[in-house]
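Only one structure is covered here, and it is reproduced in the block below.
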């Protein structure tokens with residue numbers, strides 16, 4: 001349903017008087033089927049949000065293409081962009097700043113309906129009331145302002161606004177990161193149930209692996225603008241292939257007593273995206289880095305079993321023979 | 001208690017006087033940390049976990065804060081009553097603190113070295129013991145501390161400005177600075193919340209290592225149950241200004257007693273297991289300007305009874321060093 005082909009996004013920046021291009025997203029290939037929930041996971045600065053924003057035309061791409069339902073939407077004029085907005089919507093991380101503090105909830109949720117449909121007056125109010133009901137809020141919230149709502153309630157309002165036009169695709173950018181865990185659980189349950197009811201497709205962006213595992217059936221792991229591993233969620237979590245995915249999974253502390261010591265934590269920091277390492281971007285922190293290979297040649301994607309792509313030389317059969 | 005507590009907070013009540021009225025932030029908090037022990041305090045936003053420890057070092061401005069009752073005993077000395085002169089000899093030397101966002105606590109216009117030597121010299125001055133360290137000696141001490149927190153190339157890094165370091169490195173600097181006075185107790189307020197998971201794992205390992213090396217006692221405040229389970233011996237769960245459950249990690253996480261603890265544990269998706277159903281906790285935190293009479297969790301509790309409208313008894317199981325603040329256990333409980 002949604003596909004990105006070699007999608008790249010570079011930001012021109014001025015660093016110390018020198019002009020440079022920061023490659024936030026580097027040739028990303030994603031493939032989301034209808035009804036999928038694809039999780040995009042990575043640490044800060046890995047480019048996961050930029051991918052989501054670029055798909056919805058909130059950023060300009062600098063290379064590659066985005067295909068939505070068989071149609072190239074990489075460059076659109078304003079009319080076509082408006083049609084895209086009907087079919088694909090976004091939910092942002094911080095519901096406090098995603099709602100206009102001077103608008104009532106009614107006005108905020110009605111905004112997309114006013115822009116895209118001819119609903120007005122009592123009908124509009126009714127439609128907004130129904131939307132609020134779907135997200136589990138009573139009608140009394142219609143005339144309240146955002147500051148009167150809790151964080152979880154505000155995020156529900158944002159979701160109501162995003163589903164107002166019956167979109168097919170929702171891009172959720174860290175939708176629960178600003179919420180407490182007891183509220184996060186409610187929102188996650190609810191996102192899962194409306195996905196089935198409304199037949200939605202999700203691109204779910206998060207740094208929280210547990211949340212991704214909970215909501216998504218497929219997952220893509222990003223590091224420094226590239227996707228290093230992509231596959232079915234349970235496969236990736238049970239048997240991570242890329243050394244970075246392994247390290248990431250091992251770094252998450254588990255909420256239970258008596259944790260066995262797992263692998264050593266990764267050493268060093270994430271390299272600056274302005275000064276990317278040669279070869280594999282992960283080779284500076286990788287335990288299994290092979291000198292002469294990982295630090296010089298750029299890595300292709302290797303397809304290993306069951307729809308699983310890994311960007312790592314360890315999965316190159318020819319190289320393994322060479323090493324042996 | 002297996003050993004005498006280093007820090008003992010007893011029946012601590014604290015209000016904030018605001019324009020909207022009196023905010024009952026803490027209501028009868030009891031906590032203690034023994035020598036070499038690490039205590040985790042967990043809870044959601046606004047439960048009072050940070051407020052509880054701020055006043056250990058006199059960091060809450062009064063007004064608006066007003067201590068209603070209780071004492072915070074550090075080796076028998078009531079920290080709520082110490083004079084500013086005494087406090088100078090305790091801050092950083094006996095008890096040190098690190099915070100969530102390392103950039104906010106480093107001055108952007110001075111180098112790491114300047115800031116660290118200032119701290120070391122201030123400790124010297126406060127103690128005023130005979131011979132004084134020169135700036136040069138203080139700097140050497142700072143380099144040693146940076147080496148101890150595994151900052152690469154401390155001799156050169158010490159002359160850098162905070163903006164030249166990454167988030168993880170800044171947190172290492174703050175830890176080095178906090179430990180430069182060889183404190184006995186370290187209070188860490190969400191030390192890894194601003195960091196990525198792979199960096200968080202490094203910092204948690206570092207804290208665990210320093211605790212062992214220096215025989216430190218630690219109070220770690222966090223909202224992340226995984227972090228607590230990883231490095232603490234004991235855990236206190238707070239809700240709306242009260243400690244609702246306290247015990248060892250094994251007890252509290254393995255056999256939660258209080259309905260809130262249970263709810264909290266059922267709310268987190270587990271990163272290591274395939275998805276099971278999640279149960280959020282319905283409802284909201286009570287408004288502490290006008291807290292409910294009796295148990296503060298009753299409005300959200302699935303097991304609430306009529307009796308919950310009266311203050312819940314704090315049940316102590318001495319054998320297991322475990323407390324639960326809940327009417328369900330008014331007959332006491334045993335840990336089977």
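The values are calculated or read from the model by the stated rules, or taken from the named source; none is laboratory data. Small disclaimer: the values here were computed from a predicted structure and weren't measured. A quick note on method: Cβ atoms are made from the backbone with ideal geometry, for glycine too, and the neighbour counts reach across all protein chains shown.
The table for this structure:
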quantity: Test result for residue B:255, buried (at least 21 other Cβ atoms within 10 Å of the Cβ), out of contact with any helix residue (DSSP H, G or I) (no Cβ under 8 Å at 6 or more places or on another chain) and either within 14 Å of chain A (Cβ to nearest Cβ) or at pLDDT 85 or above (or both); calculated: no
quantity: Set A:283, A:316, A:306: member being more than 22 Å from the chain's Cα centre (by Cα), at pLDDT 90 or above and more than 14 Å from chain B (Cβ to nearest Cβ); calculated: A:283
quantity: Residue list for region A:233-252, restricted to those being in contact with a helix residue (DSSP H, G or I) (Cβ under 7 Å, 6 or more places away or on another chain), within 11 Å of another protein chain (Cβ to nearest Cβ) and under 15 Å from residue A:212 (Cβ atoms); calculated: A:233, A:237, A:248, A:249, A:251, A:252
quantity: In region B:310-336, residue modelled with the highest pLDDT [restricted to those that are in contact with a helix residue (DSSP H, G or I) (Cβ under 7 Å, 6 or more places away or on another chain) and assigned to a helix (DSSP H, G or I)]; calculated: B:327
quantity: Checking residue B:192 against (1) surrounded by fewer than 24 Cβ atoms within 10 Å (Cβ to Cβ); (2) more than 9 Å from every other protein chain (Cβ to nearest Cβ); (3) modelled with pLDDT under 90, the condition it does not meet; calculated: (1)
quantity: Candidates A:246, A:241, filtered to the one that is assigned to a loop (DSSP other than H, G, I, E, B) and either under 18 Å from the mean Cα position of the chain (by Cα) or closer than 23 Å to residue A:271 by Cα (or both); calculated: A:241
quantity: Filter result (free of Cβ contacts under 8 Å to residues at least 40 places away in the same chain and away from chain A (no Cβ under 14 Å)) within region B:214-230; calculated: B:214
quantity: So residue B:103, is it outside any helix (DSSP H, G or I) and within 15 Å of residue B:222 (Cβ to Cβ); calculated: no
quantity: Qualifying positions in region A:85-117 - in contact with a strand residue (DSSP E or B) (Cβ under 7 Å, 6 or more places away or on another chain) and under 15 Å from residue A:167 (Cα atoms); calculated: A:87, A:88, A:89, A:90, A:91
quantity: Filter result for the condition that a residue is facing chain B (nearest Cβ under 10 Å), buried (at least 23 other Cβ atoms within 10 Å of the Cβ) and under 22 Å from residue A:99 (Cα atoms), over A:171, A:157, A:183; calculated: A:183
quantity: Among (1) at pLDDT below 90; (2) in contact with a helix residue (DSSP H, G or I) (Cβ under 7 Å, 6 or more places away or on another chain); (3) assigned to a helix (DSSP H, G or I); (4) surrounded by fewer than 22 Cβ atoms within 10 Å (Cβ to Cβ) - the single one residue B:156 does not satisfy; calculated: (2)
quantity: Candidates A:64, A:129, A:121, filtered to the one that is surrounded by 16 or more Cβ atoms within 10 Å (Cβ to Cβ) and over 21 Å from residue A:159 (Cβ atoms); calculated: A:64
quantity: Selection count, region B:266-285, where residues are touching a residue at least 40 places away in the same chain (Cβ under 8 Å) and either surrounded by fewer than 16 Cβ atoms within 10 Å (Cβ to Cβ) or more than 7 Å from every other protein chain (Cβ to nearest Cβ) (or both); calculated: 1
quantity: Subset tally (residues that are buried (at least 22 other Cβ atoms within 10 Å of the Cβ) and either away from chain A (no Cβ under 12 Å) or within 18 Å of the chain's Cα centre (by Cα) (or both)) for region B:160-180; calculated: 9
quantity: Qualifying residue in region B:231-242 (condition: at positive phi and more than 9 Å from every other protein chain (Cβ to nearest Cβ)); calculated: yes
